[in-house]
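The values are calculated or read from the model by the stated rules, or taken from the named source; none is laboratory data. This one's a predicted model, so the numbers in the text were calculated from it and none came from an experiment. Glycine gets a Cβ as well: all are built from the backbone with ideal geometry, and neighbour counts include every protein chain shown.
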Amino acid sequence: MVALLIAVALTKPQVRPAEERPNIIVVFLDDAGYGDFEHNGNPVIETPTISRMAREGANFTQFYAASAACTASRYSLLTGRYPKRSGFPSWVLDPGSPQHLATRETTLAEVLKAKGYATAMFGKWHLGTPNERNGQTPDALPLAHGFDRWIGTDVSHDYDASRLMESQGSGYRTIASGLTSQPDVCASLTERYADAAIDFVRQNREKPFFVYLAPNMPHLGLFVSKAFAGRSRRGLLGDVMAELDHHLGRLWKTVEEMGLAKNTLVLVTSDNGPWIRFQNTASDPKYGEARMHVGYAQPFRDGKGSSWEGGHRVPGVVYWPGTIRPGQRLDPMSTLDVLPTLAGLAGARVGPVDGRDLRSTVLTGKSPADPFEFVYSGSDNQGWAIRQGPWKLHIRITSQTGDSYGFAASRETPLLFQVEQDLGERFDRSSEQPAIRDRLLKGLADWEAR
Ligand SMILES: [Ca+2]
């Protein structure tokens, strides 16, 4: 009998059964750049919690947000589908837009809720808001999309019409409106979301939980609580990053204290690249002294809003003690893969989406059989560039800084870069590699046809 048990134990695959349904925490920072973290080499910004998670878990160098701007990126994270499928004509919904995330879409929260998860969101929604043009519909907000609870802003805090709201039973209450004239409220958001997330985790010890933590920071204008003001060597941006990191540390400590660390997966990433342009914002009082607030996309080219790598390639850390080995490689991956992968880990079946179920890569470290393909969405949510394997082809370029160095891309004269080696996209290889160029052009046409 003992021998049999040992034999069973020895042959048991080192794979966590899906029925265990890990708790899930997704941290989706707003406009945080790849280089805004100490674990990615920033010498003055201090993010020790995230550094530890990166060291003891999987740290990405090739993690892609599906859009270079807020709304479209959030759409893709929550649905596993390309921004083009949203029906939104551009990458951001402003507070007056009649459009919102359609109720026919299946979100990550709905998938997990159906598997018995308690689901909550703390932070910026930006997938629609009730307004006169859509009949004040509550379908625009998170409770209509699988979340049991929400506290956060309906749009970015730098819109004059932005509101801080909270779910109350099956409805909502507005805590504050007109956030651009309420700096104290803005400075309270990071801690407020963490406090609410900690309460939620404590209340759901017996049930698997899904926390979608989407801080408003470090999107401009930057705000920090008094406790963190002036602490960083990197000025306000450093203060903001330190405060975000500190409160993620508090949340994780709560998970540990409840004995749930080994059954909780954390993903930390950003919705798009950083704001990097010094001009314009410097003279806008809403943004203050923006010169010191802009972030770093280094080593990638350009930043938020760009189809260069700096717009889409973002920090990525997955931490799951006891399951993901320190230093495990999961590259490359995109936010499209998050829903199918987490659904797989929770034992849920999902319909066809654009992302891949990378559950076995997460559990075993084995690379997926199919090669990586990713389409970069421009400001109209159409495909502007495509990556297959290490190659990236641009057919249109959008740039935050006007940084195109004389390059112009079109379907007739596309640009080709090997983005695993040429991180800054400096060496166009299109005339030297016509077969690869043509294969990627066809890949983009196939994508559009799908
Ligand atoms: Ca953003």
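Only one of (1) within 24 Å of residue 35 (Cβ to Cβ); (2) surrounded by 13 or more Cβ atoms within 10 Å (Cβ to Cβ) is not met by residue 402, so which one is it?
Of (1) within 24 Å of residue 35 (Cβ to Cβ); (2) surrounded by 13 or more Cβ atoms within 10 Å (Cβ to Cβ), only one is false for residue 402: (2).
Here are the criteria: (1) outside any loop (DSSP other than H, G, I, E, B); (2) under 18 Å from the mean Cα position of the chain (by Cα); (3) not basic (Lys, Arg). Tell me which single one residue 156 does not satisfy.
Evaluating residue 156 over (1) outside any loop (DSSP other than H, G, I, E, B); (2) under 18 Å from the mean Cα position of the chain (by Cα); (3) not basic (Lys, Arg) leaves (1) as the failure.
On the given criteria, is residue 101 modelled with pLDDT of 95 or more, buried (at least 24 other Cβ atoms within 10 Å of the Cβ) and in a helix (DSSP H, G or I)? Outline the logic, then answer.
Details: modelled with pLDDT of 95 or more: yes; buried (at least 24 other Cβ atoms within 10 Å of the Cβ): yes; in a helix (DSSP H, G or I): no.
No: the conditions fail for residue 101.
Out of all the residues in the stretch 362-380, which are part of a helix (DSSP H, G or I) and surrounded by fewer than 16 Cβ atoms within 10 Å (Cβ to Cβ)?
The one that is part of a helix (DSSP H, G or I) and surrounded by fewer than 16 Cβ atoms within 10 Å (Cβ to Cβ): 364.
Rundown of residues vs (1) under 30 Å from residue 379 (Cβ atoms); (2) assigned to a loop (DSSP other than H, G, I, E, B); (3) in the same structural domain as residue 419 (by TED's automatic domain parsing), yes/no style:
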{"residue": "310", "(1), (2), (3)": "yes, no, no"}
{"residue": "323", "(1), (2), (3)": "no, yes, no"}
{"residue": "347", "(1), (2), (3)": "no, yes, no"}
{"residue": "352", "(1), (2), (3)": "yes, yes, no"}
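Does residue 80 qualify as being assigned by TED's automatic domain parsing to the domain that holds residue 178, within 18 Å of the chain's Cα centre (by Cα) and closer than 25 Å to residue 345 by Cα?
Considered against the rule, which asks whether it is assigned by TED's automatic domain parsing to the domain that holds residue 178, within 18 Å of the chain's Cα centre (by Cα) and closer than 25 Å to residue 345 by Cα, residue 80 comes out as yes.
State all residues of the stretch 253-288 that are within 16 Å of residue 215 (Cα to Cα) and either away from the ligand (no atom under 16 Å from the Cβ) or at pLDDT below 90 (or both); if no residue qualifies, say none.
266, 267
Determine the pairs where a residue that is in the same structural domain as residue 421 (by TED's automatic domain parsing), located within the stretch 293-304, has a partner that is part of a loop (DSSP other than H, G, I, E, B) with Cβ atoms under 7 Å apart, the partner being 6 or more residues away or on another chain.
Short answer, once both residue conditions are applied: none.
Against the definition (in contact with a helix residue (DSSP H, G or I) (Cβ under 6 Å, 6 or more places away or on another chain), farther than 22 Å from residue 175 by Cβ, without any contact (Cβ under 8 Å) to a residue 60 or more places away in the chain and assigned by TED's automatic domain parsing to the domain that holds residue 193), how does residue 98 come out, yes or no?
For residue 98, the condition - in contact with a helix residue (DSSP H, G or I) (Cβ under 6 Å, 6 or more places away or on another chain), farther than 22 Å from residue 175 by Cβ, without any contact (Cβ under 8 Å) to a residue 60 or more places away in the chain and assigned by TED's automatic domain parsing to the domain that holds residue 193 - is met.
Please verify whether the stretch 314-328 includes one or more residues that are of a type outside the set (Val, Ile, Thr), out of contact with any Cys (no Cβ under 9 Å at 6 or more places or on another chain) and more than 23 Å from residue 261 (Cβ to Cβ). Walk me through it before giving the result.
Quick first cut of the stretch 314-328, residues of a type outside the set (Val, Ile, Thr) only: 315-316, 319-322, 325-328.
Right, trim to out of contact with any Cys (no Cβ under 9 Å at 6 or more places or on another chain) and you get 315-316, 319-322, 325-328.
Now narrow it down to the ones that are more than 23 Å from residue 261 (Cβ to Cβ): none.
Looking through the stretch 314-328, none of the residues is of a type outside the set (Val, Ile, Thr), out of contact with any Cys (no Cβ under 9 Å at 6 or more places or on another chain) and more than 23 Å from residue 261 (Cβ to Cβ).
Here is a yes/no grid of residues against (1) within 28 Å of residue 308 (Cα to Cα); (2) at pLDDT 95 or above:
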{"position": "336", "(1), (2)": "yes, yes"}
{"position": "340", "(1), (2)": "yes, yes"}
{"position": "344", "(1), (2)": "no, yes"}
{"position": "353", "(1), (2)": "yes, yes"}
{"position": "361", "(1), (2)": "yes, no"}
{"position": "364", "(1), (2)": "no, no"}
{"position": "374", "(1), (2)": "yes, yes"}
{"position": "380", "(1), (2)": "yes, yes"}
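If I filter the stretch 38-76 down to residues being free of Cβ contacts under 8 Å to residues at least 60 places away in the same chain and touching a Ser or Thr at 6+ places or on another chain (Cβ under 6 Å), which single residue comes out as farthest from the ligand (Cβ to nearest atom)?
38
Counting only residues that are within 18 Å of residue 328 (Cβ to Cβ), basic (Lys, Arg) and either at pLDDT 95 or above or touching a Lys or Arg at 6+ places or on another chain (Cβ under 8 Å) (or both), how many does the stretch 16-60 have?
2
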